[in-house]
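K.L.:
My questions all concern the structure below.
The numbers here are math on the coordinates, done by the rules we state, and not lab data. Note that the structure is a prediction, hence the values are computed from the model and not measured. Here the Cβ is made from the backbone with ideal geometry for all residues, glycine too, and neighbour counts use every protein chain on show.
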């Protein structure tokens, strides 16, 4: 197993390099560049740039250099912690831009994750073991609503509902007096009042899907012979279900969980835009749209690192959970 | 519903006196040097106080405390000797309170709505130009030398003196310095390759010497708010030198320098605006507190601003912004670009619960959603057709503007063929001007599909076998409308109506949505045909930002002609002549290319070049009329739909001194960025009723 | 048993032919139904599954006949019914008696420039009958042009079952026509993704070792690609919209590309499952019997993941339908004049709609119903395929 882990880490490093190169190429792929965006912006404010001025901007941003020069500049900085500057945000360092958002994003996403899984697994199990009962039907209906109604619509409706019916102030995560203040219990309490909508929306969509997956896989397992055997041995039903059946039905779910790691920092982009959450998703999205190459590439690297880590962890957990699975 | 306020004779005289800056009308023929100092005329008729000789009297209790404890010098020392007097539109305000805003833009963008850094300010919706942080100014007889007198004792927000050295620092280290420059502002253009010369005569007197007469200088300096939109004009020299690699070897490039003097992203950076930023997180929020050294007072001598601070929340999403307004989290907002008139009903319904008022100020747009062809498209057959006035006129006559006005604009605004703003001086200052505007406006404004079909038949675009019209030579004609895929809903709405209208006269229309990043390069290279999703915002003077009238850049209707101008006087001029204009890098015409000389654009260029150096006001206007005549006979180069629609303004019921439409000189002129709204309404005079 | 004739020794009579079908197989002498027939019978006995199947068939019928069923052409703009509500109907005829025929009222529209609202005033004294098989807009139904509609009003006024949008277009017509795209093109993408994900994921898990390692690394790289520049570059590379290359063609191409990139999740999940039972007895037996690896993968491994595959398939449907518009801002989704449920919902994404014109959100109901029906079918399939269920 140790050998396997070491080998995987080796693969990870190689994959990261490949991702860095390919990803950067893709980011620079669309014609036009950030300069396009900047020139447009300046022109709309009345600064008609002459060709000389455009050239000087190109030099300043290094856009005259071929792409591999920019790439090298970025990646050599990246490995020592300098992630470059952002064009859109007036040359503020990428590092501070990402750092500001990261903690909050991780907090919201992790909490939603726990909530979603905490609900989805028991509900899925219940649904599978109590098929064709009234509660199962009710759960199924709610699941379908959660699946089919887009989360951005749910977010909007929930916000309107909260404002008009509950009379609550929606918007952002902090009230004015806490925004610039350092973290305190009061600030945390203020955030809790506002953060329930984002968490509810994010969890609602994913819970439905997860519980149905749980249900389907568990139904498979419950039909297996060894479950009959366990029952005939006189084991309590709950032990049969949880200790034997669920454990064997978990495989795809473990993979899904591992795959959610990058999502924890990117967060749900569309919902975040609608709810105006200061999370990483919208910033990554804008960076890609406006070809803010260093910002986008840095995000890409972080997300990829997490993604690869998530896969590795999932694979290890899988082997730990199921003794039949062996890696050579 | 909206009418352009007519300029009366008195306003016109005021205007000419101010903007000519002391030049006697050339018809008088005098040549001696006569200097006229403009008079401060900010207050409307009903406020009695005399603006001159206002003694500093009151200050905010917050600041008074700090004076008492020794943190700040007393009021008289903080204000310049002659502070700028701004008159609130309703009443003298009360100190105190904090405003809340939800900004669609960059979190620190509030500074863009304040006039503090500008040497001069527009007043009365562009009818006049008045002092900003400059106390007075004058020009010589031919307007080639301008002298500006700064306020003695003017200070930055950190208490350091603000002098002409700060202007020169900007000019020399940030504009002229090749390592650092991002270009020369259009207020100080190079004429014939020669830049103007800025000299500090003393600490408070600045002289600008142009190589040629520059009568528009005062108006140009009043454009934008500077420091945020447009070029800086002034930078805190002592503070900035710390980060300048020329003066401090710790820094190797200008990146940190530019960040540290940018008041929109660096809290605590010295500035001249009413509020200064104290906290900021990109994309989230910014917090602003009053600037204790702000150089403006009200007529009673109280130091402005009244309001203690502003808390801005970034809200790029339109729906989110709407909800913020409806729950009362917005004290005022003028930048309501994300909203459309379709959202007004929801806003009106929520006024009670949210404790706010919806007001409408005119945008002053020449036209709202508009369309234009690519005058310089690569394909010669198309180029010929898209330059044919009858083809363009037919497309304009086919548009049912009444429907567009009703469905998209809720019966606001004025139907128009498409021109510069109806509030522009050249359209207003006398009867002839007004007739000129009407002629332009009504040129192809009627909904006359039958006449449109006739016109198309006349030029040979007859209906072919498949039921659609063809090129004059019989080949298939498909008009492809290229639109950036992220175009606003309003653009799509109007487009769907327009598409139906044009299909009804037999044109085959195809809408092609392309990724936004790809749009610019393709348009400039003459690959795209027909464009929308834009407005003609500009005014108040055709010549200040003339890009819609004169093809001087490559984003609008004549990209290659514009590229010719952009490359004039650079190393590119006269090169790559063996290549076709569309193959050149960048794609551009040369002065001798037939595609350029055979069009009407050289005439437009020549008229413009003449106009900007013409010191005589009336002669300038006549030149502008000639330019518009070319548009009317050789064009239209762009077609408009509905112009001067209202801008939605949100004002909390607790806030006063925010003008209503009737209190604005021309009813509002929100669209052009060169007349900066809300800066021109003096947000520093807004005050809470129960502070 | 026949008597043995001593005087004439002959072969005994052959035994009677059995009463049921005998196949050529000499080993078996019982009647046999093939696996597929068994599954079909089991499926048809499942009431819920049949509801799903019949329901989907009805939906396909309705959407493809949508232009005939709806009273108006889905593109017709009506300046006199902007954001109009669903047409009110009554079953009282002009004499005041209750009957079977629905009536609606003559309605006038005013734009209130004070409130910025369009106001619709029905005249309760003027009733207009809703007739069946009326002549209206000329529309294209499948391959024919016709102006016959299932129901509607005669005269200038129009019947709006589910209200109208911001340009006065009939939402009922738009939902039906939009269903044509949402119920077909998107599903193709889902199917493609499922096939790719199942086969490749199972293979990866089955083979293990280097093959598994390499495939997983490829999946990781594929998944890391930044989406937006990729699609932007693709969009720029596509030919512009024309008569031959319509929005639909472009969208179809996009779904294919999207599926080629989107199968990785399912692949990883199935790989996990497969690794558990690739060493089970039945697969060992198949190996011993001489099956090739691919035969084992396709006929033994993949079907064991059937439950999971089916549920993922059902879960992907709303994603695909709603994801139609995810790339619209790049010019790659369903853009006007084409219409789909996804694009209708995206347009309805406004506070104004939620508060004032909620009928524009009904496409969400269409999505819910479609997902429900497909899930019922999916559940039924799962039960039919499962060898252990009764």
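K.L.:
Nearest 500 deg cm²/dmol is fine: what mean residue ellipticity at 222 nm does chain C get from its DSSP H runs of n ≥ 4 alone, each adding -39,500 (n - 2.57), divided by its residue count?
P.N.:
Taking each H run of at least 4 residues, the total per residue is -15500 deg cm²/dmol.
K.L.:
Right, here's the next one. For B:471, C:188, C:118, C:172, what's the fewest-to-most ordering of other Cβ within 10 Å of each Cβ?
P.N.:
C:188, B:471, C:118, C:172
K.L.:
From zero outward in steps of 5 Å, how is the percent of C-alpha pairs of segment C:283-363 spread across the bins?
P.N.:
3, 13, 14, 12, 11, 8, 7, 8, 7, 6, 5, 3, 2, 0
K.L.:
Would you list B:524, C:42 from fewest to most Cβ contacts within 10 Å?
P.N.:
C:42, B:524
K.L.:
Kindly express, to the nearest 10 degrees and within the range 0 to 90, the angle between helix A:2-27's C-alpha long axis and the longest C-alpha principal axis of chain A.
P.N.:
Result, in degrees: 40.
K.L.:
May I pose another question? Out of every Cα pair in segment B:418-546, what percent are spaced more than 18 Å from each other?
P.N.:
Across segment B:418-546, Cα pairs with separations above 18 Å total 67 percent.
K.L.:
Specify the inter-centroid distance of segment C:101-158 and segment C:229-251, based on alpha-carbon positions, in whole Å.
P.N.:
37
K.L.:
How are the alpha carbon pair distances in segment C:151-195 distributed across 5 Å bins from zero to the largest one, expressed in percent?
P.N.:
5, 19, 18, 17, 12, 10, 8, 7, 3, 2, 0
K.L.:
While we're on this one: Working only with C-alpha atoms, what are the Rg and Dmax values of chain C, expressed in angstrom?
P.N.:
That works out to 29.4, 119 Å for Rg and Dmax.
K.L.:
Using the scaling law 2.2 N^0.38 Å as the reference, what is the normalised Cα Rg of segment B:92-140?
P.N.:
Output field value: 1.57.
K.L.:
Most mobile of C:223, C:52, C:342 per a Gaussian network model of chain C (Cα springs, under 10 Å)?
P.N.:
C:223
K.L.:
Taking neighbour Cβ counts within 10 Å as the exposure measure, how do B:174, A:224, B:223, B:276 sort from fewest upward?
P.N.:
A:224, B:174, B:276, B:223
K.L.:
Per-residue mean of other chain beta-carbon atoms within 10 angstrom of the beta-carbon, peptide C:315-323?
P.N.:
Across C:315-323, the average partner-chain Cβ count within 10 Å equals 4.
K.L.:
Give me D for segment B:643-691 in µm² s⁻¹, whole number, from Stokes-Einstein with Rh from the Kirkwood sum over alpha-carbon pairs, 20 °C and 1.002 mPa s.
P.N.:
180
K.L.:
Now a separate question. Given 10 °C and 1.306 mPa s, how large is the Stokes-Einstein diffusion coefficient of chain B in µm²/s, with Rh as the Kirkwood radius over Cα pairs?
P.N.:
D = 59 µm²/s.
K.L.:
Here's another thing I want to ask about it. Helix-derived [θ] at 222 nm for chain B: sum -39500 (n - 2.57) over DSSP H runs of at least 4, divide by residue count, nearest 500?
P.N.:
Calculated at 222 nm, the ellipticity per residue is -7000 deg cm²/dmol.
K.L.:
Would you kindly work out the equivalent ellipsoid of segment A:218-328 from its C-alpha gyration tensor and give its semi-axes, the square roots of five times the eigenvalues, largest first in whole Å?
P.N.:
42, 17, 8
K.L.:
So what is log10(I(q)/I(0)) for segment B:478-579 at q = 0.10 1/Å, when the Debye sum runs over its Cα atoms only?
P.N.:
Once normalised to I(0) and log-transformed, intensities are -0.37.
K.L.:
In whole Å, what three semi-axes, largest first, describe the equivalent ellipsoid of segment B:219-369 built from its Cα gyration tensor (square root of 5 times each eigenvalue)?
P.N.:
After diagonalising the Cα gyration tensor, the semi-axes are 34, 19, 18 Å.
K.L.:
Taking Cα centroids, how far is segment B:293-345 from segment C:26-92 in Å?
P.N.:
Centre-to-centre (Cα) distance: 52 Å.
K.L.:
Here's something else I'd like to know. Quick one: Cα centre-to-centre distance for segment C:253-283 and segment A:158-221, in angstrom?
P.N.:
32
K.L.:
Given N residues in segment B:134-232, what is its alpha carbon radius of gyration divided by 2.2 N^0.38 Å?
P.N.:
That ratio works out to 1.07.
K.L.:
Over the Cα atoms of segment A:175-222, each weighted equally, I'd like the Debye log10 I(q)/I(0) at q = 0.18, 0.25, 0.30, 0.33 Å⁻¹, rounded to two decimals.
P.N.:
Each listed q corresponds, in turn, to -0.66, -0.87, -1.00, -1.07.
K.L.:
Turning to a different aspect of this structure: Given springs between every Cα pair under 10 Å in a Gaussian network model of chain A, which of A:139, A:305, A:227 has the largest fluctuation?
P.N.:
A:227
K.L.:
Please give the helix B:431-442 orientation as an angle from the longest Cα principal axis of chain B, in degrees from 0 to 90, rounded to the nearest 10.
P.N.:
Here the helix axis deviates by roughly 50 degrees.
K.L.:
Using a Förster distance of 22 Å, how high is the FRET efficiency between residue B:434 and residue B:411, based on the Cβ-Cβ distance and rounded to 0.05?
P.N.:
0.40
K.L.:
Does anything in segment C:259-299 have its amide N under 15 Å from the 7 Å Cα→Cβ label point of residue A:321, and if so which residues?
P.N.:
Counting backbone N atoms under 15 Å from the label point, the list is C:268-277.
K.L.:
Springs between alpha-carbon atoms under 10 Å, Gaussian network over chain C: tell me which of C:83, C:74, C:103 tops the mean-square fluctuations.
P.N.:
The residue with the greatest mean-square fluctuation here is C:103.
K.L.:
Viscosity 1.306 mPa s, temperature 10 °C: give me the Stokes-Einstein translational D for segment A:63-158 in µm²/s, with Rh taken as the Kirkwood radius over C-alpha pairs.
P.N.:
88
K.L.:
Would you calculate a helix-derived [θ] at 222 nm for chain A, using -39,500 (n - 2.57) for each DSSP H run of n ≥ 4 and dividing by the full residue count, to the nearest 500?
P.N.:
-24000 deg cm²/dmol
K.L.:
Across the protein assembly as shown, how large is the tail of the calculated P(r) beyond 44 Å, expressed as a percent of all Cα pairs?
P.N.:
That tail contains 50 percent of the Cα-Cα pairs.
K.L.:
Out of every Cα-Cα pair in segment C:45-86, what percent are more than 11 Å apart?
P.N.:
Cα-Cα pairs of segment C:45-86 separated by over 11 Å account for 73 percent.
K.L.:
Tilt of helix A:151-164 relative to the longest C-alpha principal axis of chain A, in degrees (0 to 90, nearest 10)?
P.N.:
90
K.L.:
Given 0.36 nm per residue, what is the gain on full extension from residue B:450 to residue B:478 after removing their alpha carbon distance, in nm?
P.N.:
Stretched out fully, the residue B:450 to residue B:478 stretch lengthens by 8.0 nm.
K.L.:
For chain A, what mean projected area does the convex hull of the alpha carbons give, in nm²?
P.N.:
Projected area, direction-averaged: 23.0 nm².
K.L.:
Using only Cα atoms, figure out Rg for segment B:232-312 and give it as a multiple of 2.2 N^0.38 Å.
P.N.:
Dividing the Cα Rg of segment B:232-312 by 2.2 N^0.38 Å gives 1.28.
K.L.:
So, one more: On each of the three principal axes of the Cα atoms of segment B:514-642, give max minus min coordinate, whole Å, ordered largest first.
P.N.:
Taking the Cα atoms of segment B:514-642, the three principal extents are 42, 36, 24 Å.
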